[in-house]
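The structure appears right after this line, and notes come after that.
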Amino acid sequence: MQYAHITGWGKSVPTATLTNDDLATFMETTDEWIKTRTGISKRNISHVNTSEMASVAAKHALAAAGIDGSELDLIILATASPDTLIPNIASTVQANIGATCGAFDINAACSGFLYGVGLASSMIKSGQNKKILIIGAERLSFYLDWSRRETAVLFGDGAGAIVLEASDSPGGILGYELNNDPEGRDILQSNFGTQMDRFDTESLDFYIHINGQDVFKRAIHGMGNLSAKVLEKCNTDINDVDFVIPHQANERIIDTLVSRMKIPKEKAFVNIADYGNTSAATIPIAICDALSQGKIVPGQTILSCAFGAGLTSAAMLLKWGERTTPINISEATLPPCDKTALELIKPAVDYFFSKAKAAE
């Protein structure tokens with residue numbers, strides 16, 4: 001039997017940082033207000049397309065695994081904010097890393113990365129593939145109405161990637177669970193898509209809508225329920241979980257989730273303060289940060305869970321392998337940015353605030 005092990009990892013985060021104090025320069029908020037409600041201190045704003053961040057993260061993951069893009073059997077890219085709908089942006093990454101394999105995008109919102117890992121691990125265990133690249137990448141700043149505080153403070157841009165490889169050694173991805181709650185599909189959404197009237201300029205005013213209270217309740221239920229299911233499927237007791245990497249949407253959601261699951265808070269990795277919610281990119285970025293901080297060690301049993309628009313949810317249990325350091329280091333970087341985060345978002349800020357004022 002083949003097992004699917006994580007052998008490479010990498011991330012790409014834009015250099016332009018938007019702090020809570022920056023947000024307070026154009027909206028009614030404070031650093032304390034945002035931090036106490038979300039745990040977020042800052043987020044990154046991209047000056048490049050989603051595919052470019054994804055490509056840099058992919059190059060780092062390939063280097064860490066010690067393989068070349070030409071060795072890949074498949075690329076799965078999870079995103080809700082692609083550069084283009086046609087073609088998929090996995091094909092752009094494929095071209096950028098020199099791969100010759102199947103490549104496709106999936107949109108399961110914030111759960112997308114775990115959806116991709118689940119699919120990839122099944123393909124490896126079936127013997128269909130040997131080496132698969134899974135990427136989570138988002139440019140959510142594209143969707144934001146900066147006059148709407150309830151969403152403008154939450155999201156950031158970034159990308160993360162892993163390489164899954166087939167191995168005869170037991171461990172790796174032990175099991176996964178995927179689910180969707182369509183009754184909640186309208187509480188977190190954007191109207192971007194073919195339902196728009198392309199001849200009406202008003203249709204261009206798409207942005208993320210969110211019902212925070214409903215999302216909070218359903219997120220905890222969805223992640224907690226699927227985590228329990230995957231633990232049961234893998235015959236693993238919650239006390240045998242060494243480390244938890246949850247979706248980074250809101251620190252209060254994470255705190256409530258681990259408390260209800262009776263997991264000590266120190267076992268849960270939290271890095272939302274530095275990135276905000278980067279949707280499908282949160283978990284792969286967290287994996288990279290946890291490794292660089294020495295919090296993932298060989299042989300650990302790790303639980304990861306996520307939820308997102310749809311409302312999707314996912315959970316995964318894995319046994320980390322022997323290596324926690326990269327085989328090689330890539331020098332791939334994003335092109336320099338000559339603007340501050342405030343300068344990058346200024347056209348959108350001016351547009352949405354003028355529209356909000358005109359509607360008063």
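The values are calculated or read from the model by the stated rules, or taken from the named source; none is laboratory data. Since this is a predicted model, take the numbers as computed values, not measurements. Here the Cβ positions follow ideal geometry from the backbone for every residue, glycine too, while neighbour counts run over all protein chains shown. Protein only, heavy atoms only, side chains kept; ligands, DNA and RNA dropped before computing areas. Shrake-Rupley method; radii C 1.70, N 1.55, O 1.52, S 1.80 Å.
Observations on the model:
- His221 open to solvent by 80 Å² or more (accessible area, probe 1.4 Å), at pLDDT below 95 and either touching a strand residue (DSSP E or B) at 6+ places or on another chain (Cβ under 9 Å) or acidic (Asp, Glu) (or both): yes
- Evaluation of Gly116 against (1) touching an Asp or Glu at 6+ places or on another chain (Cβ under 9 Å); (2) open to solvent by less than 10 Å² (accessible area, probe 1.4 Å); (3) not hydrophobic (A, V, I, L, M, F, W, C) (one fails), failing number: (1)
- Contact map, segment 286-308: first residue farther than 22 Å from Asp237 by Cα and in a helix (DSSP H, G or I), second residue aliphatic (A, V, I, L, M) and modelled with pLDDT under 95, Cβ cut-off under 7 Å, separation 6 or more or different chains; the map is empty.
- Residue in segment 188-210 that is modelled with the lowest pLDDT, counting only those that are under 15 Å from Asp145 (Cβ atoms) and open to solvent by 40 Å² or more (accessible area, probe 1.4 Å): Leu204
- Residue check, Arg37 basic (Lys, Arg) and not in a helix (DSSP H, G or I): no
- Considering segment 256-265, the residues that are touching a helix residue (DSSP H, G or I) at 6+ places or on another chain (Cβ under 7 Å) and open to solvent by 10 Å² or more (accessible area, probe 1.4 Å) include one that is nearest to Thr278 (Cα to Cα), namely Thr256.
- Between Glu165, Glu177, the distinction of being under 23 Å from Ala4 (Cα atoms), among the acidic types (Asp, Glu), part of a strand (DSSP E or B) and in contact with a Leu (Cβ under 7 Å, 6 or more places away or on another chain) belongs to Glu177 only.
- Any hit, segment 142-156, residues being among the basic types (Lys, Arg) and either in a strand (DSSP E or B) or open to solvent by less than 20 Å² (accessible area, probe 1.4 Å) (or both): no
- Taking segment 52-71 as the range and being of a type in the set (A, V, I, L, M) and out of contact with any helix residue (DSSP H, G or I) (no Cβ under 7 Å at 6 or more places or on another chain) as the test, the residues that pass are Met53, Val56, Ala57, Ala61, Ala63, Ala64, Ala65, Ile67.
- Taken together, Ala80, Ala99 contain a single residue that is surrounded by 20 or more Cβ atoms within 10 Å (Cβ to Cβ), out of contact with any Asp or Glu (no Cβ under 6 Å at 6 or more places or on another chain) and in contact (Cβ under 8 Å) with a residue 40 or more places away in the chain, which is Ala80.
- Within segment 180-210, tally of residues that are hydroxyl-bearing (Ser, Thr, Tyr) and either in a loop (DSSP other than H, G, I, E, B) or closer than 28 Å to Val93 by Cβ (or both): 3
- If only residues of segment 245-255 that are in a helix (DSSP H, G or I) and not basic (Lys, Arg) are counted, the one that is surrounded by the most Cβ atoms within 10 Å (Cβ to Cβ) is Ile254.
- Condition check for Ala280: under 20 Å from Asp157 (Cα atoms), out of contact with any helix residue (DSSP H, G or I) (no Cβ under 6 Å at 6 or more places or on another chain), among the hydrophobic types (A, V, I, L, M, F, W, C) and surrounded by 19 or more Cβ atoms within 10 Å (Cβ to Cβ): no
- Some residue of segment 261-282 being over 19 Å from Ser111 (Cα atoms), charged (D, E, K, R) and outside any helix (DSSP H, G or I): yes
- Qualifying positions in segment 309-360 - in contact (Cβ under 8 Å) with a residue 12 or more places away in the chain, aliphatic (A, V, I, L, M) and out of contact with any strand residue (DSSP E or B) (no Cβ under 6 Å at 6 or more places or on another chain): Leu311, Ile327, Ile329, Ala332, Leu334, Leu342, Leu344, Ile345, Ala348, Val349, Ala356
- Only residues that are of a type in the set (A, V, I, L, M), within 25 Å of Glu183 (Cβ to Cβ) and loosely packed, with under 15 Cβ neighbours inside 10 Å were counted across segment 229-244, and they come to 0.
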